[in-house]
Amino acid sequence: MLEPFRVTIDIRTDDLDINGHVRGPAYLAYADHARWECVWAAGVDPLALRAGNLGPVNLETTIRFRRELRARARIDVLTRFAWEPGKVSRVVQEFVAPDGAVVAELESLSGLMDLELRRLVPDPGRHWRKYASRPEVLGLL
């Protein structure tokens with residue numbers, strides 16, 4: 001199995017709630033950032049994707065909080081794409097502390113939308129493969 005794509009993120013104080021914990025929306029922002037970094041690392045030009053009338057969409061997201069995460073911490077976000085038959089795929093992300101502890105897990109159900117028809121395209125991996133110079137980074141072997 002291919003190693004997950006890894007991005008390191010420094011936690012900022014404006015990412016915190018009143019209790020000093022990282023806010024849920026900050027986790028979502030970290031996850032989005034890591035996914036886009038992964039897509040760029042795969043060689044996908046988002047403007048080319050858009051010019052092809054395609055756009056990624058997030059259909060559902062679940063966050064599982066495992067451990068406190070506070071300001072000035074540094075975490076790695078590990079991203080794996082899991083391709084399924086049909087119109088959707090899953091993106092599984094782990095937020096990992098320097099000591100190796102998983103502080104949170106995030107799973108998204110995603111699709112690739114035909115922006116003209118406003119419908120999900122079948123077999124989204126086939127389309128991503130077309131735009132990626134390194135499709136293996138997206139788990140497309």
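Read-outs throughout are calculated quantities, based only on the coordinates presented, and are distinct from any laboratory measurement. Bear in mind the structure is a predicted one, so any value in this text is a computation, not a measurement. Cβ atoms come from the backbone with ideal geometry, glycine included; neighbour counts cover every protein chain shown.
Quick check: residue separation of residue 141 and residue 65 times 0.36 nm, minus the Cα distance between them. What number comes out in nm?
24.3 nm is the gain from fully extending residue 141 to residue 65.
Which residues in segment 47-87 place their backbone N less than 14 Å from a point set 7 Å from the Cα of residue 16 along the Cα-to-Cβ direction?
Hits in segment 47-87 for residue 16 at 14 Å: 68-74.
Let me have the relative contact order for the chain, percent, based on Cα pairs under 8 Å that are six or more residues apart.
Once normalised by length, the contact order is 30 percent.
Just to check, using Stokes-Einstein with a Kirkwood Rh over alpha carbon pairs, what's the diffusion coefficient of the chain at 20 °C and 1.002 mPa s in µm²/s?
Details: Rh = 15.8 Å.
D = 136 µm²/s.
If the only charges are +1 at each Lys and Arg Cβ and -1 at each Asp and Glu Cβ, what is the size of the charge dipole of the chain around the Cα centre, to the nearest 20 debye?
For the chain, the charge dipole is close to 180 debye.
In the chain, which longest range has no GluC sites (Glu not before Pro) that are both DSSP loop (not H, G, I, E or B) and surrounded by at most 15 other Cβ atoms within 10 Å?
With a cap of 15 other Cβ atoms within 10 Å, the longest stretch comes to 1-67.
Give a residue-ordered list of calculated ³J(HN,Hα) values for segment 36-41 (Karplus: 6.51 cos²θ - 1.76 cosθ + 1.60, θ = phi - 60°; whole Hz; x for Gly, Pro).
5, 4, 5, 4, 5, 5
Give, in nm to one decimal, the length gained when the segment between residue 41 and residue 2 is fully stretched (0.36 nm per residue of separation minus the Cα-Cα distance).
Using 0.36 nm per residue and subtracting the Cα-Cα distance, I get 12.6 nm.
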